[in-house]
Amino acid sequence: MARQEQDREDLLREATALVERVEVVIEGFPEPVVAGFRRSGEGSVYFGADPVYQFNLAGELRRAYLDGRLVKAERGQLVFLRRERSEGQSSLIRESVSADVCAARLRAAEEHLAILRERIVLGRFQLVGQVPGECDVLGRLRGWLDRLPRPLRVASAPNVSAPNATRPQAVRSQAAAHVPATREPAAQEPATREPATQDSDGSGATER
């Protein structure tokens, strides 16, 4: 997730690590929705600038941006991070969040994704654009949404790949047809008191 604290870039154009991606306008959401897949098959959904949900191959939530806060998965739990700035430095500080709040955020994510799926199935959306133009990205997105765990599961770590996850043959075939990804919008995490796990996306950027 990139530059959430600044004006958003054109995600459809900038999210080049999502080698297949689509942007749609959905009634009920204030901003366009951008969703897509990394070369290795992991999905991400951007409901405008906030909320943002990023998943691993097993369909587990690994990172998010919720209510202006960075969120990462850790041992199956959501960890909320608050950015603190002083004298030109920026640190991420863990916030204490109750189990009830975490459960509510997961339910909200399920609702957002369920609405997105429903609108796609019913054709109640406006297609803004997609990359690449010749692929059925909406069809792939619909199938991916159908396969997400219900209720949503939180990953054991924020990494792209889930431990012991087996990539479906269809995902392997689709991934083989793409060139390496370059950059997925990612909130840059400077030196901080919060340990960071770096996902290599070809640009040296650190995903949140």
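Each principal axis of the Cα atoms in region 87-160 has its own extent, and those three values, largest first, are 47, 34, 22 angstrom.
With q set to 0.10, 0.12, 0.14 Å⁻¹, the log10 of I(q)/I(0) for region 1-135, from the Debye formula over equal scatterers at the Cα positions, is -0.35, -0.51, -0.69. For region 11-176, a crude dipole built from +1 on the beta carbon of Lys and Arg and -1 on the beta carbon of Asp and Glu, taken about the Cα centre, is about 480 debye to the nearest 20. If the chain linking Ser90 and Val25 were pulled fully straight, counting 0.36 nm for each residue of separation and taking away their Cα-Cα distance, it would gain 20.0 nm.
Values quoted throughout were computed directly from the atomic coordinates according to the rules given, and no laboratory measurement underlies them. Please read all numbers here as calculations on a predicted model, not as lab measurements. All Cβ positions, even for glycine, are placed from backbone atoms using ideal geometry, and neighbour counts span all protein chains on display.
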